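See below for the structure under consideration.
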Amino acid sequence: MVPGLKKLTGVFFKVPSRSLERTVFGIKFSNPVGLAAGFDKNAEIYNDFASFGFSFIEIGTVTPVEQPGNPKPRSFRLPEDKALINRMGMNNKGVEKIVGNLRKNRPEVIIGGNIGKNTSTLNDNAIDDYKCCFEALYDVVDYFVVNVSCPNIGDIRKLQDADTLTGIIDSLKNISAKKAIQKPILFKISPDLNYTQLDELVDIALKTGISGFVATNTTIRRDNLVTEKEKVEEIGRGGLSGLPLKDRSTEIIRYLVNKSDGKIPVIGVGGIMSPEDAIEKLKAGASLIQIYTGFIYEGPAVVKKINRALVNHLKKSDG
């Protein structure tokens, strides 16, 4: 984006208000609205996105080695449902290139590093991939998200089992403990987990001392879609995001917050298409929110609309 145009864009889209500021897992955010991982996979345009009013951008998912992802076509719109199905497959240019991008172009916004394993890496060796990305990105991002819930990478979601996930988190925290500054570690969870599995995740979080959850990733379910069944079946596999995920995501946010007695912050993501959806997520207990599909369908003005609505909502709550 042209520098002058970026500044002008920021003036139009940003909503400066102290009422929107909040400190979550030790980081001060100018407002609670962020851009979810998947847009800026290679850390190339985060400052441009920041001019639309986001207070934080999550890059990635980043893997140790460059990978092309799944064959195209791999992203599909379901406009009648305000939804997307994607099976991108964590396509990215690899951690070395992404670190270089972040060093060359100083971030003007909080950066989250979403990390994962390469498709070719066996689950038994996955911990090494997470450690590689964590170590490489440590000095250039503000917080980390461990992605063990993408439905488009083989059997990666099996890494959500208690022993494996505990091992990954403990290893990353051991690396962090040796650094001058300890950075927050969150993990992103699937909306397809049952309550027993969610209970396990909360237990792991409390035991390992992770900083938070990102709830939720995309879903493999296809319930209650307006789009014709034949069209959905023709698209095939992939993670569904957007409006159909809204209620399930909110339900999981509320459950995680209640189960942890509010001790573990949650970034709420899934089906936020309007200011009302955003407020619903925050009322359910989310400390921050992220949008992805809503940005595609509603355009960049949705960030401004959400932040304006939040300012008014907070005024009414205080009144």
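The values are calculated or read from the model by the stated rules, or taken from the named source; none is laboratory data. Here the structure is a predicted model, which is why all the values come from computation and not from measurement. Please note: Cβ atoms are built from the backbone with ideal geometry, for glycine as well, and neighbour counts cover all protein chains shown.
A few points about this structure:
- Within the range 166-188, tally of residues that are outside any loop (DSSP other than H, G, I, E, B) and either in contact with a Leu (Cβ under 6 Å, 6 or more places away or on another chain) or of a type in the set (D, E, K, R) (or both): 4
- Residue selected from the range 222-241 under the condition touching a helix residue (DSSP H, G or I) at 6+ places or on another chain (Cβ under 8 Å) and loosely packed, with under 12 Cβ neighbours inside 10 Å, by the criterion nearest to Gly38 (Cα to Cα): Asp223
- Among (1) part of a loop (DSSP other than H, G, I, E, B); (2) within 17 Å of the chain's Cα centre (by Cα); (3) without any contact (Cβ under 8 Å) to a residue 60 or more places away in the chain, the one test that Phe134 misses: (1)
- Single residue of the range 203-245 satisfying the filter (part of a loop (DSSP other than H, G, I, E, B) and closer than 20 Å to Leu256 by Cα) that is farthest from the chain's Cα centre (by Cα): Gly209
- Only strands (runs of 3 or more DSSP E) whose full extent lies in the range 12-57 are considered here, and none of them has at least 2 residues that are of a type outside the set (A, V, I, L, M), more than 20 Å from Val266 (Cα to Cα) and modelled with pLDDT of 95 or more.
- Among residues of the range 98-131, those that are among the basic types (Lys, Arg) and either in contact with a Cys (Cβ under 8 Å, 6 or more places away or on another chain) or free of Cβ contacts under 8 Å to residues at least 40 places away in the same chain (or both), counted: 3
- Taken over the range 63-120, the criterion of being surrounded by fewer than 17 Cβ atoms within 10 Å (Cβ to Cβ) and of a type in the set (Ser, Thr, Tyr) is satisfied by Ser75, Ser120.
- Close contacts from the range 57-80, counting a first residue that is farther than 30 Å from Pro32 by Cβ and a second that is basic (Lys, Arg) and crowded, with 17+ Cβ neighbours inside 10 Å, with Cβ to Cβ under 7 Å and a gap of 6+ residues or different chains, come to Glu66/Lys93; Asn70/Arg87; Arg74/Arg87.
- Summed over the range 246-283, residues that are basic (Lys, Arg) and outside any helix (DSSP H, G or I) total 1.
- Residue check, Ser190 in contact with a Cys (Cβ under 9 Å, 6 or more places away or on another chain), surrounded by 15 or more Cβ atoms within 10 Å (Cβ to Cβ), over 26 Å from Ala309 (Cβ atoms) and not charged (D, E, K, R): yes
- From the options Gly299, Gly271, residue that is in contact with a Pro (Cβ under 8 Å, 6 or more places away or on another chain), at positive phi and at pLDDT 95 or above: Gly271
- Counting only residues that are modelled with pLDDT of 95 or more and surrounded by 18 or more Cβ atoms within 10 Å (Cβ to Cβ), the range 176-187 holds 4 of them.
- Matching residues, the range 214-247, being of a type outside the set (S, T, N, Q) and closer than 25 Å to Pro184 by Cβ: Val214, Ala215, Gly239, Leu245
- Here the condition is being closer than 25 Å to Gly113 by Cβ and touching a strand residue (DSSP E or B) at 6+ places or on another chain (Cβ under 8 Å); of Ser249, Ser260, it holds for Ser249 alone.
- Matching residues in the range 284-308 - criterion: being part of a loop (DSSP other than H, G, I, E, B) and not aromatic (Phe, Trp, Tyr): Ala284, Gly285, Ala286, Ser287, Gly299, Pro300
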